[in-house]
Amino acid sequence: MLRFVVRRLLLIVLTLTVVSFGTFMLFFAAPSDPARILCGTRCQPAQIEAVRDGLGLDRPIMTQYVEYMGGIFAGRTLGEGDWAKDCSAPCFGYSYTQNQEVSEIVARALPVSASVAIGAWIIQTLISVSSGVIAARKRGTAVDRGTIAATLIGGALPIYFVGPMLLLIFRYQLEILPQPSYTPLLDDPLAFAGGMIMPWATLAIVGFAFDARLSRSQMLETLDEDFIRTSRAKGLKDRVVFWRHALRASATPLATSAGLGLGGLLGGAVVTESIFGLNGLGKLSLDAITARNLPIVMATVLIAATFVVFGTFIVDMLYAAIDPRVRLS
Amino acid sequence: MTGMIEPITDPGSIEPEVVVTETVDGKQQSVHGRSPGQMAWIRLKRDRTARVTGALILGILLAAYGVPLWTAIYGTDAYAHNPDLLDRSSVPLGFVGVSGSHWLGILQGNGEDVLMQLLTGMRTSLTISIICAILATAIGAIIGATAGFLGGWVDAVINWIIDVMLSLPFLIVALAAFPIMQEVFFGGPSERPLILSGLMVTGILLIFGWVGTARLTRGQVISLREREFIEAARASGAGNWHIIFKQILPNVWAPILVSFSMAVPGFVGFQAYLAFLNIGVGHPHPDLGRLVNFAVGKMQGLNGWFLLVISGGTIFLLVLTFNLFGDAVRDALNPKSNR
Amino acid sequence: MRKHARVAVLGGLVLSLALTACSTNSGDGSGEGTNEGTQGSLDIIGTAEDAKGPAAPVEGAQTGGTLKYIGLTDFTHLDPARTYVGSFMMIQSGLLGRTLTGYKEVGDGSIQLVGDLATDSGKDVAGDCKTWEFTLKDGLKYEDGTVITAQDVAYGIARSFSPELADGAQFLQNWLQESREYKGPYDGAEKVPPGVKVDGNKLTFSFDTARCEVPFAVAMPNTTPVPEAKDTKTDYDNKPFSSGPYKIESRTLGESMTLVRNEHWAADSDPIRHAYPDKWTFEFGTEPKDNSVRLDANASGDENLWSFTGVHPDILGNVTGNMDKYKGRLVHGEQKYNGYLAINNLRVKDLAVRQALNYAVPRDRWIQLNGGEFAGKPNTSFMTKSVPGYKEFNVYPTDIEKAKGLLGGKATKLRYAYSNDGELSGQIADMFKEEYAKAGIELETIAISPDDYYGQIGDPTNKYDLYWAGWGADWPSGSTVIPPCLGEDGLVLDANTGTNYSFFTEKTIEDEIDRLSGLPITEALPGWGELDEKILTEFAPYVPLDSSYNVWITGSNVGGQYLQQNLSTVDVTKLFVRDPALNAG
């Protein structure tokens, strides 16, 4: 067990190193000068030089990379002399266009994305698991067929179509839902939910299909298995068999899919946040890419990758915890 | 979203039974001696969904690839401008410009015909998606089979690469890489032909597209490689490549075929998604995702909902049709599936 | 049974597509009532009398209440040395800081340069434009009650020499020291910039050559006083120390900002600014379109909203089609910015081709595509109407036949480059391609990554022939239009930092630029208009397209909406809350 964990953690470190290095290189492969782009349209040569200095673009790429990674763990000093700036860990660099440390900008965006993703994930999982299980239980009935039809539609709906349609119908035509926005949950729970309802609905509509189908087929498969037949033969009530045994046995693959789904939702955040004008990580990275704001893109890619990698890791651990048949190796 | 990157396949449902039917399932063999492929084909032909969606797909292909013919019959192509049919702020006159010669209206701006934009955009989308699906499946199958068969460090490395690919936020990386790739490969002061732009998009999609199939194939191959017939081949002196290509891959064709059939709608959806985010074949070539983006921009304008519904609906129907057909293929290949 | 379900899905879809009611567009909805820009008056320099406060009251204005701003991005640069974007300058110079001179506008389109911190618009000591003297008014105070000194103004200018803070205008700095050896007051350097002398409350600027437009140059934000003790270098951007009517109470970068009254600001000393509302709140992160939707809706609680963001093109038609609905909360007008097609004169050397491009330009379709008359006005010169000295002329009236004649049947193939920033830019490229083909000019249209557009077109070695660019005067004189865009001033042939995107330079024109630069302002102003016509007539180095036009709406509880000519945006110094009790929070 311990060996497994250590091995996996080492692999995670390797993965993230490669991801960060790859992203870093990507921008250096670009023929255009990032300092000039960041500096803007009416930029004096001296100023481009200043930005270049600040970003450390004049040094060899390996040095820059090592300094950058060092900054994340230990913090570092940006610039020199009177212009030195302390950037404490985790230091993802300094965004010249926003005049702020990248970590501050990211810290501001993170709760927005987390609210979107976690809220949508809860709704999506609730809907998909319950509809999948019910459909399996009522196999062949109208409920089952309806569920299948809904998953087929949901699975084919593009997220960038659902979002605008919801906005168009509920915000601009019927005017019954509030403008999507982010209010911290603790400030005003009602405003929080009101501002998030359309993003949640969008992600849930698009995302629930896969999980619902999985949970339905998993359920049906479990119901066919020997131990369920045995339980039934032993005279256990149908309902007890269903809820206690079947549901529990189906939980494993569902947990996996749900865990991975959370990572997927973070990816979906790019377009969801843009459509609804929410200032989360997704929109932040999209804007940063457009402005070729290297430090911010680096930070968002790294953070997203870290989430996915650790998410998978945790899911695997959970998997082992839920299902004793899985042996970690 | 995850479903789009990775063909929707539930590894649990495609057990190798399908493949080994010929040796295990004596009943089927004894009736007419049909191969599992023939059996699947018969099941597919009997499936009503498969027949309906199959016909629809033929219709879609005809609509998309018959564009030159439709242009001749309909009288306009996707590129022609109609400034006379626009008002002073370039909004189409009448109801989104619908008329006898423009059945679905015209676009705000230069007044291009919406119907022809849809058909031509569909052609772009299908071409890219089908090529991607073929290449991604082939590359994924070969890499997956290699990893699964060779095992050891090769497997470990490939498996790790797959993990790295899956950990990357695909959209962000694609968005960041695309303009840079364009500059590096096709930068410079000349108009970019449609083919090159299409290749760029295909390339971006392929970088990540092979991963799903590779993982699936790897799993299938691992379960195959210890079988007797492989050992027999090895004993008779067959090399690794021979075994991979001649012994193993032919035996995992069913899940790979399913993976392919699900990859097509996956790529259609994802290609449109990228085009929506301005990673596409680019102006002036019609592109479904870009059309949706345009429609979203105009949705609050006069009758703005119309183009949004038409363009978004087209992508939806394309994906749905291919998904349903893919489902039917899966069912035909794996009659025990519970879907 | 699942098969049934699947087929049913396909059928049901078709029904769900019939959604909303349809309306038809007859094409005569929008149209009348745009503001032709006011021609700038030549009598622009105010006297010592004009420099006296307080500013003339705005009709119906109330004191008190809170105004709420919404916008996409924060005002990234509020450091007076670094601010250069119109809206940032408006906040910095309108609410937070005062400059040596400033522009007095009363809302009728007229504009006058007056002393702001200074008692007058500056004294040309020897009458040769080489030495300028400014005296500070008495009793000027910062937000903490300390006195504003001439030394602080000099220090503010000194720090704007620093490369780290060089985002702002560079005119004054370049004039004071062409070599730019001085790098600001940091790392132990002089606290007073070269060419500047401080004597009590008097500042003297000395230049090597005649600089007759110094009174305009010192109206730029870098003459805002900065006390050395309060200088936080690059962090000064986040919280500048106020000398204006408001001060920053709190600010979360990129998110929000609150301004409250600076009790030490004296209305009596200020000929330009009002300070009607008690408080300003700013909220960032609203997409331009959502911004317009929200202002349009004017929902309960949103009546005090305003924005620098003009009505979004996608809903512009809805607004301009019902102007009556927005009575009292709408302002629109022609801006100082021009839009033109720069012709790369290093590549297109044949005058006939450049003239043909002018004769064949589809100016009407350009405006139509951009959203009609509320998005732009046809312009046939380089200068725009609001600049004093502007001359109206049209030397190349649209004439396809003439263009063909000039080309003489020669196959002409040119490269048009555009920023790949959205559908509209692509549509415009398609449009130019189609229209120029009618004159026999074949355009190859090339999309450039938007983040590097200006870098590429500003590169003298670029391989493009034709591309869009735009420009607005830094101050009301052709001297900030013609030299930077059509003269050597803007030509940087060894780098891509120039602003002369046509790479046009001509000896005769350069001589005239030098001559005009040495003339007193009032004599020089009409000269720039004449020069503008001469350049286009004789050399056709660019194709004029339009001057931009914009429409702004505010919430219904906001009053005093005027278009400020100098910065071409909503004038914050005149805004007030109609009912201060409403949404006072």
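General remarks:
- Residue within the range A:166-176 that is within 24 Å of the chain's Cα centre (by Cα), without any contact (Cβ under 8 Å) to a residue 40 or more places away in the chain and surrounded by fewer than 21 Cβ atoms within 10 Å (Cβ to Cβ) present: yes
- Enumeration of residues in the range C:431-444 that are open to solvent by 20 Å² or more (accessible area, probe 1.4 Å) and in contact with an Asp or Glu (Cβ under 9 Å, 6 or more places away or on another chain): C:LYS433, C:GLU444
- Scanning the range B:305-316 for residues that are more than 21 Å from B:LEU277 (Cβ to Cβ) and more than 7 Å from every other protein chain (Cβ to nearest Cβ) yields a single hit, B:PHE306.
- Subset of the range A:151-189 [under 17 Å from C:LYS289 (Cα atoms) and among the charged types (D, E, K, R)]: A:ARG171, A:GLU175
- Positions within the range C:158-202 being in contact with a Lys or Arg (Cβ under 7 Å, 6 or more places away or on another chain) and either more than 14 Å from chain A (Cβ to nearest Cβ) or part of a loop (DSSP other than H, G, I, E, B) (or both), in sequence order: C:PHE161, C:SER162, C:ASP167, C:GLY168, C:TRP175, C:GLY184, C:PRO185, C:ALA189
- Of residues in the range C:257-288 being within 14 Å of another protein chain (Cβ to nearest Cβ) and open to solvent by less than 30 Å² (accessible area, probe 1.4 Å), the one nearest to C:GLY317 (Cα to Cα): C:THR286
- Selection within the range A:211-224: residues that are within 9 Å of chain B (Cβ to nearest Cβ) and surrounded by fewer than 24 Cβ atoms within 10 Å (Cβ to Cβ). The member of this set that is farthest from the chain's Cα centre (by Cα) is A:ASP224.
- Condition met for B:ALA254 (part of a helix (DSSP H, G or I), out of contact with any His (no Cβ under 7 Å at 6 or more places or on another chain) and not basic (Lys, Arg)): yes
- Top-ranked residue in the range C:203-236 [being surrounded by fewer than 23 Cβ atoms within 10 Å (Cβ to Cβ) and within 14 Å of chain A (Cβ to nearest Cβ); ranked as farthest from C:ALA158 (Cα to Cα)]: C:ASP235
- Of the residues making up the range B:198-237, those that are outside any helix (DSSP H, G or I) and out of contact with any helix residue (DSSP H, G or I) (no Cβ under 7 Å at 6 or more places or on another chain) are B:GLU226, B:ARG227, B:SER236, B:GLY237.
- Residue under evaluation A:LEU185, criteria (1) among the aliphatic types (A, V, I, L, M); (2) facing another protein chain (nearest Cβ under 10 Å); (3) under 30 Å from C:GLU255 (Cβ atoms), criterion not met: (2)
- Unmet requirement for B:PRO286, which otherwise passes all of (1) away from every other protein chain (no Cβ under 11 Å); (2) touching a helix residue (DSSP H, G or I) at 6+ places or on another chain (Cβ under 7 Å); (3) open to solvent by 10 Å² or more (accessible area, probe 1.4 Å): (3)
- Any hit, the range A:186-193, residues being modelled with pLDDT under 90, open to solvent by less than 10 Å² (accessible area, probe 1.4 Å) and under 30 Å from A:VAL308 (Cβ atoms): no
- 2 or more residues closer than 25 Å to C:ASN550 by Cα and either out of contact with any helix residue (DSSP H, G or I) (no Cβ under 9 Å at 6 or more places or on another chain) or free of Cβ contacts under 8 Å to residues at least 60 places away in the same chain (or both): qualifying helices (runs of 4 or more DSSP H) within the range C:324-420: C:363-370
- The residue that is nearest to C:TYR453 (Cα to Cα), among those in the range C:493-530 that are charged (D, E, K, R) and open to solvent by less than 50 Å² (accessible area, probe 1.4 Å), is C:GLU510.
Results for (1) out of contact with any Pro (no Cβ under 6 Å at 6 or more places or on another chain); (2) over 30 Å from A:ILE197 (Cβ atoms); (3) modelled with pLDDT of 70 or more, shown as yes or no for each residue.
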site: A:MET219; (1), (2), (3): yes, no, yes
site: A:ARG232; (1), (2), (3): yes, yes, yes
site: A:ALA258; (1), (2), (3): yes, no, no
site: A:LEU262; (1), (2), (3): yes, no, no
site: A:LEU265; (1), (2), (3): yes, no, no
site: A:VAL270; (1), (2), (3): yes, no, yes
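- Among the residues of the range B:294-304, not a single one is within 24 Å of B:ALA64 (Cα to Cα), more than 11 Å from chain C (Cβ to nearest Cβ) and either assigned to a helix (DSSP H, G or I) or not acidic (Asp, Glu) (or both).
- Near pairs, Cβ below 8 angstrom, 6+ apart or cross-chain, from the range C:529-558 (of a type in the set (Lys, Arg)) to any residue that is at pLDDT 95 or above: C:LYS534/C:ILE509; C:LYS534/C:GLU512
- Counting only residues that are under 27 Å from B:MET181 (Cβ atoms), part of a helix (DSSP H, G or I), among the aliphatic types (A, V, I, L, M) and within 11 Å of chain B (Cβ to nearest Cβ), the range C:427-466 holds 2 of them.
- Close pairs from the range A:211-233: first not polar (S, T, N, Q), partner not in a helix (DSSP H, G or I), Cβ under 7 Å, at least 6 apart: A:ARG213/B:ARG339; A:LEU214/B:ASP10; A:LEU220/A:ARG139; A:LEU220/B:ASN338; A:GLU221/B:ASN338
- Applying the condition of being of a type outside the set (Val, Ile, Thr) and surrounded by 17 or more Cβ atoms within 10 Å (Cβ to Cβ) to the range B:17-50 and asking which residue is modelled with the lowest pLDDT yields B:PRO36.
- Pair list, Cβ < 7 Å and 6+ apart or interchain, from the range C:497-515 residues that are outside any helix (DSSP H, G or I) to residues that are of a type in the set (Val, Ile, Thr) and open to solvent by less than 60 Å² (accessible area, probe 1.4 Å): C:GLY498/C:VAL492; C:TYR501/C:ILE457; C:SER502/C:ILE343
- Unmet requirement for B:ARG330, which otherwise passes all of (1) under 18 Å from B:LEU119 (Cβ atoms); (2) in a helix (DSSP H, G or I): (1)
- Among (1) more than 10 Å from every other protein chain (Cβ to nearest Cβ); (2) closer than 30 Å to B:GLY313 by Cβ; (3) in contact with a Lys or Arg (Cβ under 9 Å, 6 or more places away or on another chain), the one test that A:ASP144 misses: (1)
- Candidates in the range C:251-264 are the residues that are of a type in the set (Ser, Thr, Tyr) and modelled with pLDDT under 95; of these, the one that is farthest from A:TYR182 (Cα to Cα) is C:THR252.
- Residues that are over 19 Å from the mean Cα position of the chain (by Cα), open to solvent by 20 Å² or more (accessible area, probe 1.4 Å) and small (Gly, Ala, Ser) occur at least once in the range C:104-123.
- Single match in C:SER206, C:SER121, C:SER179, C:SER162 (criterion: of a type in the set (S, T, N, Q) and under 23 Å from A:ALA84 (Cα atoms)): C:SER162
The values are calculated or read from the model by the stated rules, or taken from the named source; none is laboratory data. Computed from a predicted structure; not experimentally measured. For neighbour counting, all protein chains shown are included, and Cβ atoms are generated from backbone atoms with ideal geometry for every residue, glycine included. The protein model used for the area step is the full one, side chains on, heavy atoms only, and it has no ligands, DNA or RNA in it. Shrake-Rupley method; radii C 1.70, N 1.55, O 1.52, S 1.80 Å.
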